[in-house]
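Reviewing the structure listed below.
FYI, it's all coordinate maths here, none of it is from the lab. Here the structure is a predicted model, which is why all the values come from computation and not from measurement. Quick reminder, even Gly has a Cβ in these numbers, built from the backbone with ideal geometry, and neighbours come from all protein chains shown.
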Amino acid sequence: MSLTLCGFAFSNYYNKVKLALLEKALPFNEEYVFPSDDPAFWAASPRGKIPFVRVGERTLCESQAIVEYLEDVYPTVPLYPSDPLQRAGCRSALHIMELYVELQMRRLYPVALFGLPTLPGLKDQVASDVKMGVDALKRAVKFGPYIGSETFGLADIAAACHLPLVRATSKKIYGEDVLAHFPGLDDYLQLIFQRPHVIAVERAQREDAERFMEAVRKKYAIA
C-alpha cells in the first residue's frame, strides 16, 4: 500500500515520522503541505496540524499515532524493544519529552523564530514548566547507549527531532541551555547525529527553513 508523508521538512513532528519511515526502510513519497483553510486539508487533519500520511486512499494524522501504525504494520525493523517493560519505558520517555519538554517550550517558538511579543509572565511560566519536564526526563531516561535500549528506536527519533530545537530556543530566549546539565546527553546526541538518516533529515530541515519562514510570514502577515 502506498505511503505519502504530507507536511514540510522544517517541522520536527514531520521529521519524527520521516525518520521512522527511513529507519524502517519503507518506500514513501513526500508532499509539501502547509496548513490552510482548504476543507480537504481539515478533512485529512482534523486539528489542522501536520504531518499526516496518506495510506492508500485513507489518511492518518498525529505523529505518534502514525509511528505506532508503522510499528504495527511493518514490524520487520522494530523501533521499540521486544521486552514489554523496556518498550513501555521507551514510550514513557517519549511522552515526557514531547508533553512536558517540547510542548512547553513550543509556546515560545513564535518569539524565538519571529521575534513576536509574548504575554506577560509567559517566559517565566515556560521556564518553570520546562525545568520540571527536563527534571522528569532526567529521571526517566537511561542511555544504553540509546534511550532504554541497545538499539535505535522511536524515543531516539523523538530526541533527534525535538531536543536540538528545545536547546536552541532556550539559548535564544533565556541565554542559557536548559539541557546543559543533563548527564550523558551530549555524548548521546553526538552518537545519534552520526546516523545517516538523522543527518539527511536535519539537512532537509535546514534547507526548508526559509520556505517555512516565508509561508508563516505570509499566512499571519508578519513583517
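Segment 22-71 and segment 75-120 have Cα centres separated by 18 Å. Residue 178 sits among other residues whose Cβ lies under 13 Å from its own Cβ, and their net charge, with Lys and Arg +1 and Asp and Glu -1, is +1. Where q = 0.21, 0.25 Å⁻¹, what log10 of I(q)/I(0) comes from the Debye formula for segment 161-216, counting one point per Cα? Log10 I(q)/I(0), no solvent term: -0.94, -1.08. So what is the diffusion coefficient of segment 3-73 in µm² per second by Stokes-Einstein at 37 °C and 0.692 mPa s, using a Kirkwood Rh over Cα pairs? Value of D from the Cα-based Kirkwood radius: 274 µm²/s. Modelled this way, with points 7 Å down the Cα-to-C-beta line, the labels at residue 116 and residue 25 are 4.3 nm from one another. Within segment 51-137, the GluC sites (Glu not before Pro) that combine a DSSP coil assignment with at most 11 other C-beta atoms in a 10 angstrom radius are 57. Considering only 113, 181, 76, and ranking their Cα positions along the charge dipole of the chain that arises from unit charges at the beta-carbon of Lys, Arg, Asp and Glu, the one farthest toward the positive end is 113. Counted residue by residue at 0.36 nm each, then reduced by the alpha carbon distance between them, the extension gain from residue 34 to residue 209 reaches 61.7 nm. Based on C-alpha pairs under 8 angstrom that are at least 6 apart in sequence, the chain has a relative contact order of 22 percent. For segment 84-192, a crude dipole built from +1 on the beta carbon of Lys and Arg and -1 on the beta carbon of Asp and Glu, taken about the Cα centre, is about 200 debye to the nearest 20. Computed over the Cα atoms of the chain, pair by distinct pair, the Kirkwood hydrodynamic radius stands at 18.3 angstrom. Toward the positive end of the charge dipole of the chain, with +1 on the Cβ of Lys and Arg and -1 on the Cβ of Asp and Glu, the farthest Cα among 36, 125, 7 is that of 125.
For the chain, the share of DSSP beta bridges that are antiparallel, to the nearest 5, is 70%.
Hull volume per residue, based on the alpha-carbon atoms of segment 84-192 and their convex hull, is 87 Å³. Charged side chains reduced to their Cβ positions (Lys and Arg at +1, Asp and Glu at -1) give the chain a dipole of some 420 debye around its Cα centre.
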